[in-house]
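Since the structure comes first, as structure tokens, the remarks are kept for the end.
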Amino acid sequence: MIPLHDPEHALRPTAIALGSFDGLHRGHCRVIAAVTEPQAAELAPVVPTVVSFWPHPREVLHGETRLRLDLPEEKLELLEPLGIQQLVLVPFTRELSALTPERFVREVLAEQLQARRIAVGTNFRFGVDRSGDVDDLARIGAALGIEVHVLPMLWDGAERVSSSRIRRALAAGNIAEAGRLLERPYRFSGPVVRGRGLGRQLGWPTANLAVDGRKFLPLEGVYAALAWRDDEGEAMAAVMNLGPQPTVDPLAPSAVEVHLLERSLELAGARLTVQPLRLLRRQQAFGSLEALSCQIRLDADLALQDCCSHGGPSSAPPPA
């Protein structure tokens, strides 16, 4: 896997694709191609690099929580097939945010990362109060001998392809639309932690996932899903509950619970990756545990049909 670096330990000199690239959709890939395509190699030796800020600037400046479609570790696996050789996360601080556009380009990109080429999207802003735009970047880069490539937005119908659009699809439980915009399956993972065993008591044992709190999760509800252990290649049909437990314990915090269909495995301590396929229903409170168990049976039957129509369990996880 490609390395994750801070600027101090980055490989240099660099050809930089600059931006958050959250979701790594088709528009992002066009920007990245500008530093990995054959003509970029003419600048050799340069290291094709993605540079992003961490944490998100709005978290530092405005105290907002910004959940990510792809966490840095997940992004490494997605960037490698694109020809990127390293992901560099620039620590975003108030001090960094106070740099003028000129100082940011000179001190961070030119001096620290020894950039020879920079690629951005047309909406890229930088420097104090986001005062710098792509025209400023091109002007400053030219003065420093850095090639600057500005890539246009990618449109899909009447709306551009964007991370915000993918989030809206997930927030509505529209897994198919999110996957279409991503051009890859949406997934998340986490270690299996011990729960209270309530699912087992109902006859539906579940694996409880501790998903990183910075990960953007879809709409709460019950989903058909594929799941697999990260140390094995076999994808398994599953039904997943995402959210609280309104019938069993309405006061309990939200959880990710996965029940494997037609399989019985000991998953405690394993790391599980989940790929939701379709939202089956929203959560609801039932009048009894028996009624809940009957509904889970219906959910499981629908989930199994979905998994089979998706191709069913296989010997290896679907490609990213």
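The values are calculated or read from the model by the stated rules, or taken from the named source; none is laboratory data. Predicted model only: the values in this text are computed from it and were never measured. Note: ideal-geometry Cβ built from the backbone for every residue, glycine included; neighbour counts use all protein chains shown.
What the table below lists for this structure:
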{"read-out": "The one condition in (1) acidic (Asp, Glu); (2) over 24 Å from the mean Cα position of the chain (by Cα); (3) surrounded by 21 or more Cβ atoms within 10 Å (Cβ to Cβ) that ASP70 fails to fulfil", "value": "(2)"}
{"read-out": "Residue satisfying all of: in segment 268-278; surrounded by fewer than 20 Cβ atoms within 10 Å (Cβ to Cβ) and not basic (Lys, Arg); nearest to GLU177 (Cα to Cα) among these", "value": "THR273"}
{"read-out": "Residue identified as in the same structural domain as LEU82 (by TED's automatic domain parsing), on the phi < 0 side of the Ramachandran plot and within 20 Å of the chain's Cα centre (by Cα) among GLY132, GLY141, GLY121, GLY179", "value": "GLY121"}
{"read-out": "Segment 280-316 - residue that is charged (D, E, K, R) and over 19 Å from GLY173 (Cβ atoms) and, of those, modelled with the lowest pLDDT", "value": "GLU290"}
{"read-out": "Residue within segment 16-32 that is touching a Leu at 6+ places or on another chain (Cβ under 7 Å) and farther than 17 Å from LEU154 by Cβ present", "value": "yes"}
{"read-out": "Filter result for LEU109 (out of contact with any Lys or Arg (no Cβ under 6 Å at 6 or more places or on another chain), of a type outside the set (Gly, Ala, Ser), in a strand (DSSP E or B) and closer than 20 Å to PRO55 by Cα)", "value": "no"}
{"read-out": "Among the candidates LEU99, LEU109, LEU87, residue that is more than 19 Å from GLY127 (Cβ to Cβ) and either in the same structural domain as VAL211 (by TED's automatic domain parsing) or surrounded by 15 or more Cβ atoms within 10 Å (Cβ to Cβ) (or both)", "value": "LEU87"}
{"read-out": "Test: LEU24 is assigned by TED's automatic domain parsing to the domain that holds ARG117, under 28 Å from ASP212 (Cβ atoms) and part of a helix (DSSP H, G or I)", "value": "no"}
{"read-out": "Qualifying residue in segment 73-88 (condition: in a loop (DSSP other than H, G, I, E, B) and in contact with a Lys or Arg (Cβ under 9 Å, 6 or more places away or on another chain))", "value": "no"}
{"read-out": "Flag if ARG66 is touching an Asp or Glu at 6+ places or on another chain (Cβ under 8 Å), in the same structural domain as ALA138 (by TED's automatic domain parsing), of a type outside the set (Val, Ile, Thr) and closer than 19 Å to ARG130 by Cβ", "value": "yes"}
{"read-out": "Number of positions in segment 1-20 that are within 15 Å of LEU76 (Cα to Cα) and of a type in the set (D, E, K, R)", "value": "1"}
{"read-out": "Residues within segment 219-265 that are part of a loop (DSSP other than H, G, I, E, B) and modelled with pLDDT of 90 or more, tallied", "value": "4"}
{"read-out": "Some residue of segment 112-131 being in a helix (DSSP H, G or I) and either among the charged types (D, E, K, R) or over 27 Å from HIS62 (Cβ atoms) (or both)", "value": "yes"}
{"read-out": "Residue that is farthest from VAL35 (Cα to Cα), among those in segment 122-132 that are surrounded by fewer than 21 Cβ atoms within 10 Å (Cβ to Cβ) and touching a strand residue (DSSP E or B) at 6+ places or on another chain (Cβ under 8 Å)", "value": "ARG125"}
